[in-house]
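The values are calculated or read from the model by the stated rules, or taken from the named source; none is laboratory data. Keep in mind that what you see is a predicted model, and the values were worked out from it rather than measured. Heads up, the Cβs are rebuilt from the backbone with ideal geometry, glycines too, and the neighbour counts pull from every protein chain shown. Note: areas computed on protein heavy atoms with side chains; ligands, DNA, RNA excluded. Shrake-Rupley method; radii C 1.70, N 1.55, O 1.52, S 1.80 Å.
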Amino acid sequence: MRKLGTALAASAALALPVLAAPTASAASGWTVVNPSSAGVFTADSGTLTITAGSTAITCPTMHLSGTLPSVSSGPAGLGRIGNGYAENCTDAKGVTWGVSISNAWTGDILDGKSYDAAAGRAELTVFNPFIIVHSTSCSFVLSALNANYTNGGSVLRTGQGAVGYGGGCGIAAGTAASFAAAFTVSPAITITGPGA
């Protein structure tokens, strides 16, 4: 069990007001086929690159787990990321960082935005993310991320977001951020959207 330090808990408490604000879209017409009867998934990435202001952090890999239950003609709120971690991350100065996603918050909702049938790709938003990027001396939390999921290869790609309420590590709240990684999802899930 990975526990966050006092600094992380403090930054998380500051982040709660802004993370509670967004709500998932009510649009319907999304279909999810997950071979897991419990609707669960895990995902592992190759290199994860995080940039926020002048801070650039590289992680060798990241692990996620969550729920994407099977549904036919359901709402755009497809599921959620419940847990995640990356370790042994470093920046250009050699400072060690880590990444944690807490299951203690109701956020990290995977919300469908649009679907490209030709590419078999769903554009997503990760609402209310509780993604904490931390060193031994400070931490900051990311707010909503853009992402997409490609059925062929079962690949979830994360992308652009912003630093959440309160900022941290000398990075102001609202600073544009990138959380770039490609995650292979297991089991192989199929997501299709309206008009597919």
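With each label modelled as a point 7 angstrom along the Cα→C-beta vector, the Ala118-Ala180 pair spans 2.5 nm. What fraction of the Cα pairs in the range 24-71, stated in percent, has a spacing above 13 angstrom? So the portion of pairs separated by more than 13 Å is 70 percent.
Site pair Tyr85 and Thr49 shows an inter-label distance of 2.6 nm when each label is modelled 7 Å from Cα along Cα→Cβ. Taking only the Cα atoms of the range 120-196, the ratio Rg/Rh comes out at 1.08, with Rh defined as the Kirkwood radius.
Counting only protein heavy atoms and using a 1.4 Å probe, the accessible area of Tyr115 comes to about 50 Å².
Label zone of Val33 (point 7 Å out along Cα→Cβ, amide N under 17 Å): in the range 106-136 this covers 116-122.
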